[in-house]
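Have a look at the structure below before the remarks.
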Amino acid sequence: MKTFFVFLITLLTFFTLLGWQWFQSTSTSSQSSKKEATFRVTTDIVVRNDTLNITQTYPSLVNVSPPPSTKDVRCFLGDEEVACVADDRKAGVDEGLAFQYRYSVPFNGIVKEGMFPLWQETLPDTYSETITIEESSTSPSSWFVNGRQIGGNVLEVIAYYEETLSVPAYTLTRLPVDTFKKLATDDDQLSVWQDVQLGEQPLLARISPLNVDVPIHLIYTNLPESRSFVNTVLVGQDTTEDGLKTLVLEATVKGKMTQPVDGRVVDWVVALMIGDIDNEPVLQSVQKSLDETQWEKWKQSVEKAPLLNRRLLDEFLSAVYGMDTSYFTAQTSEKQIPLFWYDKRPVQFNEEFQNDVDIIWIEDNPYTPFMRMFTALGYEVERFSEEQMILARRGEDTFRFYENQNSFLYNDARYGLLENPLLRIKDELWIGTGWIEEITPYRWQETNESITLE
């Protein structure tokens with residue numbers, strides 16, 4: 001019996017040590033896979049009635065643009081005052097010194113966005129931002145940044161709030177405690193505030209069927225109109241049940257986006273989630289190009305994504321179709337760009353692969369970049385933006401194509417066309433590959449491995 005107890009104790013000790021080693025290894029692994037926030041930004045806000053005095057400090061010089069509607073903007077690099085705009089800043093400054101924005105901004109409403117400097121470069125993976133707000137304790141408020149409530153303490157003289165974010169601050173919400181009260185809800189993801197002068201809100205109970213997957217703040221006001229912000233909806237007197245659901249979806253999408261908010265992405269994603277794309281021709285083109293299974297997979301990828309932007313919409317679309325695209329990234333407010341797909345096969349000319357030449361497909365028609373293709377063919381190519389004309393010259397042959405005309409010139413002779421052969425995608429002009437065969441002696445040859453111009 002004694003031997004049995006010794007054996008049992010030894011066995012328990014062994015498994016205890018084994019479990020501790022496993023815990024330590026998994027804990028260490030988890031911590032190492034999580035990037036430490038080393039690029040720390042501080043944003044200090046002092047409230048003076050309807051004005052916010054803001055000091056934002058970066059650990060080193062960064063490229064950010066001054067926020068609009070600001071007053072008394074001053075920037076410092078270390079102890080030296082410098083120009084806030086990068087192009088106006090003198091060369092040779094020590095970029096390793098702390099960079100600071102100091103400015104004032106009016107704030108006499110409930111929610112305000114675009115009041116912080118906007119990043120003009122890639123956000124560091126190790127970014128963190130600590131927000132502090134200081135106001136008089138005689139008129140404290142509930143504060144939210146990017147739709148997230150900031151914790152705080154009301155002391156004898158001041159009220160102090162602090163919160164740390166992993167993304168830059170963009171939207172700030174202020175609810176004075178003597179004006180707004182918080183209502184009880186059954187949804188952990190839904191926070192509801194109401195102007196104390198308002199009565200019962202009948203639309204509140206009808207929000208839950210949306211199954212919102214991020215925290216949303218509804219603020220019922222006596223304002224005439226409603227508006228959505230990042231994870232926040234100002235509910236005005238004009239709101240209907242369907243209108244409120246749309247606003248909640250807008251706030252949800254904005255909360256998943258990198259800042260500033262891209263209104264086109266919000267419209268596209270909300271239309272997808274509602275299931276009504278009749279007013280979104282950009283989405284209609286996608287639906288026509290995908291089969292039913294691909295369309296549903298793409299919709300699910302978009303709806304379940306924790307982050308959203310144009311690049312991610314393109315990545316989700318490329319994954320379900322099997323070919324790459326930058327369709328959503330290319331869209332502008334001027335004109336809809338048709339859906340296109342990149343051909344991954346290399347282009348070969350004169351027995352050399354042309355790394356600078358791409359092929360894209362629009363429906364069943366291949367296109368190639370005009371300037372890069374004609375340069376590879378030995379032409380001198382110039383683009384004249386004001387005339388919206390592109391010139392290609394080689395020997396005695398000269399071609400002039402126009403972005404705004406259904407015609408082209410060959411050695412000063414004009415030829416009319418039924419449609420413009422040029423297509424602008426972003427800042428580049430593309431031309432159908434068939435036109436290369438029409439106006440040059442070369443012909444396209446395709447295999448599964450490459451595309452050759454002979």
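Identify, from the list Glu134, Glu121, the residue that is open to solvent by 20 Å² or more (accessible area, probe 1.4 Å), under 30 Å from Thr252 (Cβ atoms), touching a residue at least 40 places away in the same chain (Cβ under 8 Å) and not aliphatic (A, V, I, L, M). Let's see the steps before the verdict.
Working: Glu134 fails: under 30 Å from Thr252 (Cβ atoms).
Unique residue meeting the criteria: Glu121.
Run Gly395 past the list (1) closer than 19 Å to Met323 by Cβ; (2) open to solvent by 20 Å² or more (accessible area, probe 1.4 Å); (3) not basic (Lys, Arg) and report the number of the one that doesn't hold.
With respect to (1) closer than 19 Å to Met323 by Cβ; (2) open to solvent by 20 Å² or more (accessible area, probe 1.4 Å); (3) not basic (Lys, Arg), Gly395 is out only on (1).
When residues of the stretch 150-166 are filtered for being open to solvent by 60 Å² or more (accessible area, probe 1.4 Å), over 19 Å from Val41 (Cα atoms) and either in a loop (DSSP other than H, G, I, E, B) or touching a residue at least 24 places away in the same chain (Cβ under 8 Å) (or both), how many remain? Spell out the reasoning first.
From the stretch 150-166, those open to solvent by 60 Å² or more (accessible area, probe 1.4 Å) are 153-157, 160, 162, 164, 166; that's our starting set.
Next, from what is left, pick out any that are over 19 Å from Val41 (Cα atoms): 153-157.
Pick out the ones that are also either in a loop (DSSP other than H, G, I, E, B) or touching a residue at least 24 places away in the same chain (Cβ under 8 Å) (or both) and you get 155-157.
Residues meeting the conditions: 3.
Are there any pairs with C-beta distances below 9 angstrom linking a residue in the stretch 404-421 that is more than 16 Å from Gln388 (Cβ to Cβ) and aliphatic (A, V, I, L, M) to a residue that is in a loop (DSSP other than H, G, I, E, B) and at pLDDT 90 or above, with the two at least 6 apart or on different chains, and if so which?
Listed by first residue and then by second, the contacts come to Leu418/Asn406.
Any residue at all in the stretch 91-106 that is loosely packed, with under 12 Cβ neighbours inside 10 Å and hydroxyl-bearing (Ser, Thr, Tyr)?
Checking the stretch 91-106: not a single residue is loosely packed, with under 12 Cβ neighbours inside 10 Å and hydroxyl-bearing (Ser, Thr, Tyr).
May I ask you to verify whether Ile390 is aliphatic (A, V, I, L, M), under 30 Å from Glu280 (Cα atoms), touching a residue at least 24 places away in the same chain (Cβ under 8 Å) and in contact with a helix residue (DSSP H, G or I) (Cβ under 8 Å, 6 or more places away or on another chain)? Before you say what the answer is, go through the steps one by one.
On the way: aliphatic (A, V, I, L, M): yes; under 30 Å from Glu280 (Cα atoms): no; touching a residue at least 24 places away in the same chain (Cβ under 8 Å): yes; in contact with a helix residue (DSSP H, G or I) (Cβ under 8 Å, 6 or more places away or on another chain): yes.
Here the answer is no, as Ile390 does not meet what is asked.
Hey, could you check the stretch 183-199 for residues that are touching a strand residue (DSSP E or B) at 6+ places or on another chain (Cβ under 7 Å) and without any contact (Cβ under 8 Å) to a residue 24 or more places away in the chain and say which is most open to solvent (accessible area, probe 1.4 Å)?
Taking the stretch 183-199 first, the residues touching a strand residue (DSSP E or B) at 6+ places or on another chain (Cβ under 7 Å) are 183, 185, 189-196, 198.
Now restrict to residues that are without any contact (Cβ under 8 Å) to a residue 24 or more places away in the chain: 183, 185, 196.
Details: Leu183: 43, Thr185: 51, Val196: 74 Å².
Looking at residues that are touching a strand residue (DSSP E or B) at 6+ places or on another chain (Cβ under 7 Å) and without any contact (Cβ under 8 Å) to a residue 24 or more places away in the chain, I get Val196.
Please list, ordered by first then second residue, the pairs with beta carbon atoms under 8 Å, 6 or more apart or interchain, first in the stretch 427-454 and part of a helix (DSSP H, G or I), second of a type in the set (Phe, Trp, Tyr) and surrounded by 17 or more Cβ atoms within 10 Å (Cβ to Cβ).
Going by the 8 Å Cβ cut-off, the qualifying pairs are Thr433/Tyr367; Ile439/Phe399.
Name every residue in the stretch 30-77 that is modelled with pLDDT under 90, over 16 Å from Lys112 (Cα atoms) and part of a loop (DSSP other than H, G, I, E, B), in order of residue number.
If the condition is that a residue be modelled with pLDDT under 90, over 16 Å from Lys112 (Cα atoms) and part of a loop (DSSP other than H, G, I, E, B), then Lys34, Lys35, Glu36, Ala37, Thr38, Ser60, Leu61, Val62, Asn63 are the ones that fit.
In the stretch 297-322, what residues are under 22 Å from Trp361 (Cβ atoms) and open to solvent by 60 Å² or more (accessible area, probe 1.4 Å)?
Passing the criteria: Lys297, Arg311, Glu315, Ala319, Tyr321.
Let's see how each residue does on (1) open to solvent by 40 Å² or more (accessible area, probe 1.4 Å); (2) modelled with pLDDT under 90:
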| position | (1), (2) |
| --- | --- |
| Arg345 | yes, no |
| Ile362 | no, no |
| Pro369 | no, no |
| Phe384 | yes, no |
| Trp430 | no, no |
| Glu438 | yes, yes |
| Pro441 | yes, yes |
| Glu449 | yes, yes |
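Out of the residues in the stretch 240-278 meeting the condition of being in a helix (DSSP H, G or I) and among the charged types (D, E, K, R), tell me which one is most open to solvent (accessible area, probe 1.4 Å). Give the steps one after another, and end with the answer.
Of all residues in the stretch 240-278, those in a helix (DSSP H, G or I) come to 241-255, 263-274.
Next cut, among the charged types (D, E, K, R) only: 241-242, 245, 250, 254, 264, 267.
On the way: Glu241: 68, Asp242: 111, Lys245: 55, Glu250: 44, Lys254: 34, Arg264: 73, Asp267: 77 Å².
The extreme case among them is Asp242.
The values are calculated or read from the model by the stated rules, or taken from the named source; none is laboratory data. Remember, it's a predicted structure, so these values are computed and weren't measured experimentally. Neighbour counts run over all protein chains shown; Cβ positions are idealised from the backbone, glycine included. With ligands, DNA and RNA removed, areas are computed over all heavy atoms of the protein, side chains included. Shrake-Rupley method; radii C 1.70, N 1.55, O 1.52, S 1.80 Å.
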